[in-house]
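Here's the structure we're looking at; comments come further down.
The values are calculated or read from the model by the stated rules, or taken from the named source; none is laboratory data. These figures come from a predicted structure and were not determined experimentally. Ligands, DNA and RNA are excluded from the accessible area calculation, which covers all protein heavy atoms including side chains. Shrake-Rupley method; radii C 1.70, N 1.55, O 1.52, S 1.80 Å.
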Amino acid sequence: MAEHDSDRDNREEREPEEQGVPFDEDAAWRAIVAGYGTEPPDPPGSKPFKPVEDLALPETDTTGDRDDPAEPRAARPLGGSVSFAPGVGPRDHVAPEPSDDDFDADDEGHFVPPEPPPLPVADASAKFAWLGVVGGPILLLLAVVLGWDMTWWLATLGIGGFLGGFATLVMRMRTDDDEDDDPGRGAVV
């Protein structure tokens, strides 16, 4: 506390006592509160914004450049917004189906990918490996959620099933070493 007071004394000594014009803080706050909610005046030479209600009306020239300032300007489109009737809009557009007449001699036509080959049939060891990888953590999660006693056989089945299934899947992964004779030589012609 004493250090805090000594800092305040040092600060008061450093600040100048005489500021020239006295500052009335209460008067400044009263001016701020009196002007709350009112819009400040526009700077000289600026063109004020039109209220929303008058946006559809033609503009009048307020700068005084024209001969007759009361004569309205020609109407022009407002902004870039487009209004659509309810239920009609750009998202309701349906693209027409392509026909053979749409293509000329240079076009190759519409690409239709070939049917993918069927998935390989998994053998029994792969099925049991996936059962261990997915089923082991699910068994442990069920044991925790349902409040079962974590016995040795439950923990062994859950953890061992996951580790054994994962090791089986990793060992069965194919390596393409048979096809690569010398992979470091680059392009061979």
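Here LYS127 sits with roughly 120 square angstrom of accessible surface, probe radius 1.4 Å. When nucleic acids and ligands are ignored and a 1.4 Å probe is applied, THR151 ends up with an accessible area of around 50 Å². Extension gain, ALA27-MET150: 0.36 nm per intervening residue step, less the Cα-Cα distance, totals 36.7 nm.
Accessible surface comparison of MET150, MET171, probe 1.4 Å, protein chains only, largest first: the order is MET171, MET150. Taken one residue at a time, the phi angles of segment 133-148 give Karplus couplings (6.51, -1.76, 1.60, θ = phi - 60°) of 5, 8, x, x, x, 5, 5, 5, 5, 4, 5, 6, 5, 8, x, 6 Hz. Gly and Pro are set to x.
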